[in-house]
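Engineer: Dropping a structure here in structure tokens format, bear with me for questions.
Coordinate-derived values only; no laboratory data. Keep in mind that this is a model prediction, so the values were computed, not measured. When we count neighbours, we look across all protein chains shown, and the Cβ atoms used for this are built from the backbone with ideal geometry, even at glycine.
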Amino acid sequence: RANAEDGCTGRFWEGRFKSQALLDEAALLTCMAYVDLNPVRAKRANTPEDSAYTSVWARIQTLQRDTDSASASPVPGITVPLLPFTEAEHLTSPDHLPFALLDYLQLVDWSGRALRPDKRGAIAETQPPILQRLGLNAEEYVETLRRQRFGRAIGTPEALQQLARHLQQTYIRGIGLARRLFAPLVTT
């Protein structure tokens, strides 16, 4: 039917592509990480945050731009928002992915470090962990999700200070939290 609509012949998918049912959350998570790591595996990117036009890249871009939602797609021309992560263990919702974003980022980073003989690329062992590369403090991030301690905006200290200047205010609620949340992780 797709060929008829497009006025072409042949297979819709190449023979190496198959449709597979994702039967549970583990399958969903596995497939998401697999697709998000394709540019790294193909040696087109060194890290997930360098893997332009993947969903993990879009989520990281959104986190780094300090927008209110890590579900909106910052990819030009793509208007369909990404399904948000649940973030809270007690919440279950059919319109949220049943994982925490930080857990997913760590899984992608860990998976991307695994060397595969059938793939050209992997995340270098010399790269720091993804949360450190993004400048996120995991403990503060989780605590923030629990308590929602920011005021009218969420972002890095620099972004909050810029907003305060824009609003012609000397102070904006949440600046101390932002300093802790976005503090680089200390490694020993």
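Engineer: In the neighborhood of Arg179, defined by Cβ-to-Cβ distances under 12 Å, what is the net charge if each Lys or Arg adds +1 and each Asp or Glu adds -1?
Structural biologist: -1
Engineer: Just subtract the alpha-carbon distance of Arg180 and Arg113 from 0.36 nm times their residue separation and send over the number in nm, one decimal. Display every interim value, and only then the final one.
Structural biologist: Details: separation 67, 0.36 × 67 = 24.12 nm, distance 2.80 nm.
Full extension from Arg180 to Arg113 adds 21.3 nm.
Engineer: Net charge within 9 Å of Lys119 by Cβ-Cβ distance, Lys/Arg positive one each and Asp/Glu negative one each, not counting Lys119 itself?
Structural biologist: +3
Engineer: Taking the Cβ-Cβ separation of Glu139 and Arg173 as r and a Förster radius of 22 Å, what is the calculated FRET efficiency to the nearest 0.05?
Structural biologist: Result of the calculation: an efficiency of 0.60.
Engineer: In nanometres, what is the gap between the two model label sites at Leu83 and Asp50, each 7 Å from Cα along Cα-to-Cβ?
Structural biologist: Spacing of the two 7 Å Cα→Cβ label points: 3.0 nm.
Engineer: Still on this model: Please compute the length gained on full extension between Asp103 and Ala2, using 0.36 nm multiplied by the number of residues separating them and subtracting their Cα-Cα distance.
Structural biologist: The span from Asp103 to Ala2 would gain 32.6 nm if fully extended.
Engineer: Once you have the Cα-Cα distance between His166 and Leu23, take 0.36 nm times their residue separation minus that, and quote the gain in nm to one decimal.
Structural biologist: 46.6 nm
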